[in-house]
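Any read-out appearing in this document is the output of simple, stated calculations on the displayed coordinates, not a laboratory observation. What you see is a predicted model, and the numbers here were worked out from it, not measured in a lab. Counting neighbours? That spans all protein chains shown, and the Cβs are built from the backbone with ideal geometry, glycine included.
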Amino acid sequence: IFIGTEAALFYGQHMRDIDESYPYPASTSPYLYSSTKCEAEKLVLRSAAPDFAALSLRPRFVWGRGDRTILPEILRAIDQGAFFWLGGGRAQTSTTHIDNLSYAIELSLRKGRGGEAYFVTDDETHSFREMISRYVATQNRSVPDNSLPGWLGRFLGRAMERTWRVLPLQGAPPLPGFAAAVITRDCVIRIDKARRELGYRPVISVAEGMRDMPRLAA
């Protein structure tokens, strides 16, 4: 089971009400994460054979207990005074709680069809502003109102990546171009195929997942 992502289909566009029929990009995505995820998934699905079931699960915005990426990075940006909403945080997004992803993996081991990809989400849609604000609130914190237009965030992200490639600067750019693009574009996903073929349904809601979040260690 390959843990894929909707990012394999992303080259900077909105993706609204999509399912597994949504095509891969016609050419290489400008975002390295997207292009590598795309090629990796294709390799996995092509490797499927009668005696070897290989499939891909595509979660979106994985969150919940044990998160070591999204929530810690947001809190760090807030602490450093470097957090800005892009486009007001209005872009709509699907999400996938880690418990729902784990359940989908269990189902895939028993029912998944080789050579197939399956979207798995919480089957809810929220704006980035709502989702991130609620996520940060689980730590008794709040998100500042600082905001930049979406187009400006995408421009700055591309400019920073080029600067970091040219100059011998340490670490990653503070606003990667991929991140700026993803959080200013809608990504709303249908999970009909996973429901039909895997018997998947979310086992935890976003509200329940928020209530279940522990405080992160300082």
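Near Asp186, the amide H atoms lying under 5 Å from its own belong to Met15, Gln92; only residues 5 or more places off or on other chains count, and H is placed 1.01 Å from N. Once the chain from Ala82 to Leu32 is taken as fully extended at 0.36 nm per residue, the excess over their C-alpha distance is 15.6 nm.
By the helix-only formula, in which each DSSP H run with n ≥ 4 contributes -39500 (n - 2.57) and the sum is divided by residues, the chain has a 222 nm mean residue ellipticity of -11000 deg cm²/dmol.
With the convex hull of its Cα atoms as the shape, the stretch 1-140 has an orientation-averaged projected area of 9.5 nm². Database remark: amide H of Leu148 closer than 5 angstrom to the amide H of Trp85, Leu86, Gly87, Gly88 (H placed geometrically; neighbours at sequence offset of 5 or more, or on other chains; Pro and chain starts carry no H). For the stretch 101-167, the Kirkwood hydrodynamic radius comes to 16.4 Å, computed from all pairs of different C-alpha atoms.
Stretching the chain fully between Arg211 and Asp17 yields a gain of 67.1 nm (0.36 nm per residue, less the alpha carbon separation).
Other residues lying with their Cβ under 15 Å from the Cβ of Ile74 contribute a combined charge of +1, Lys and Arg counting +1, Asp and Glu -1. At a Förster distance of 22 Å, what's the computed FRET efficiency of Glu197 paired with Glu73, Cβ-Cβ distance as r, to 0.05? About 0.05, to the nearest 0.05.
Taking the DSSP bridge list for the chain and keeping only pairs wholly inside it, about 25 percent are antiparallel.
For the chain, the Cβ-based charge dipole about the Cα centre amounts to some 300 debye (Lys, Arg positive; Asp, Glu negative; other atoms uncharged). Neighbours of Tyr24, meaning other residues whose beta-carbon lies under 10 angstrom from its beta-carbon, give a summed charge of -1 when Lys and Arg score +1 and Asp and Glu score -1. Debye-formula intensities of the stretch 139-191, expressed as log10 I(q)/I(0) at q = 0.17, 0.27, 0.28 Å⁻¹, are -0.67, -1.00, -1.03 (one equal scatterer per alpha-carbon, no solvent).
Under 14 Å from a label point set 7 Å out along the Cα-to-Cβ vector of Asn140, the amide N atoms of the stretch 186-218 belong to 214-218. Using +1 at the C-beta of Lys and Arg and -1 at the C-beta of Asp and Glu, which of Phe84, Leu101, Gly114 has the Cα lying farthest in the positive direction of the dipole of the stretch 75-161? In the stretch 75-161, that residue is Phe84. Taking K and R as +1 and D and E as -1, what net charge do the other residues with C-beta under 11 Å from the C-beta of Asp212 add up to? Around Asp212, the surrounding residues sum to 0. Divide the volume of the convex hull around the Cα atoms of the stretch 92-218 by the residue count and you get 166 Å³ per residue. Taking a ≥ b ≥ c as the square roots of the eigenvalues of the Cα gyration tensor, the stretch 9-69 is classed as oblate, since a/c reaches at least 1.5 and a/b does not exceed b/c. For Ala117, the residues 5 or more places off, or on other chains, whose built amide H falls under 5 Å of its own are Ser56.
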